[in-house]
Amino acid sequence: MKTIKLLLVMIIFSILLPAQGDDFDSKYYNETIYLQQGFLGSKYMMGGSSYSLVTIGGELNRYSDSAELYSQYKFMRLVSMGLMVAGPIASAGLTRPGGGEDMDDTFMSVFIGSMILGAFSQIESINKLHEAVWVYNGHQLNKKEFGKRIPNE
């Protein structure tokens, strides 16, 4: 009798567990942002549709934590572009008039330094964007899946 009850409990759990996973998978698919690699680069998906970064930014601004990380992403992106453009221009202004064969040390320091700092800030901006999406997804799953009230809404 005990083995029959145990067998029935195992059968019921084996039927119910996959159904709970499907519900979570469908909520994750429809209500969170995820990154998908495409032919021309990565794109952001939500509910099977692809969205631009501006549209995803509007979604990220729904929660204060992800909005702050998204604004840090935009700032780091601006710093990156500024360094990549202003560094070579500034280094060209530091060369001696009339040119010459030998490069000035200042020219190379500014040029290479701006490229390295620009690449570093670009990587940091992408990390901030991914962190903002991760925080947004956490808020969405807490709100939708577990029914918890999210503070600071």
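The values are calculated or read from the model by the stated rules, or taken from the named source; none is laboratory data. Quick caveat: nothing in here was measured; it's all calculated off a predicted structure. No Cβ is skipped: glycine too gets one built from the backbone with ideal geometry, and neighbour counts run over all protein chains shown.
Structure notes:
- Filtering the stretch 54-64 to residues that are touching a residue at least 60 places away in the same chain (Cβ under 8 Å) and crowded, with 17+ Cβ neighbours inside 10 Å leaves Ile56, Glu59, Leu60, Tyr63.
- Taken over the stretch 36-46, the criterion of being in contact with a Ser or Thr (Cβ under 9 Å, 6 or more places away or on another chain) and loosely packed, with under 13 Cβ neighbours inside 10 Å is satisfied by Gln36, Gly38.
- Just one of the listed residues (Ser80, Ser49, Ser71, Ser121) is at pLDDT 90 or above and out of contact with any Leu (no Cβ under 9 Å at 6 or more places or on another chain), namely Ser71.
- Taking the stretch 27-39 as the range and being modelled with pLDDT under 75 and out of contact with any Leu (no Cβ under 8 Å at 6 or more places or on another chain) as the test, only Gly38 passes.
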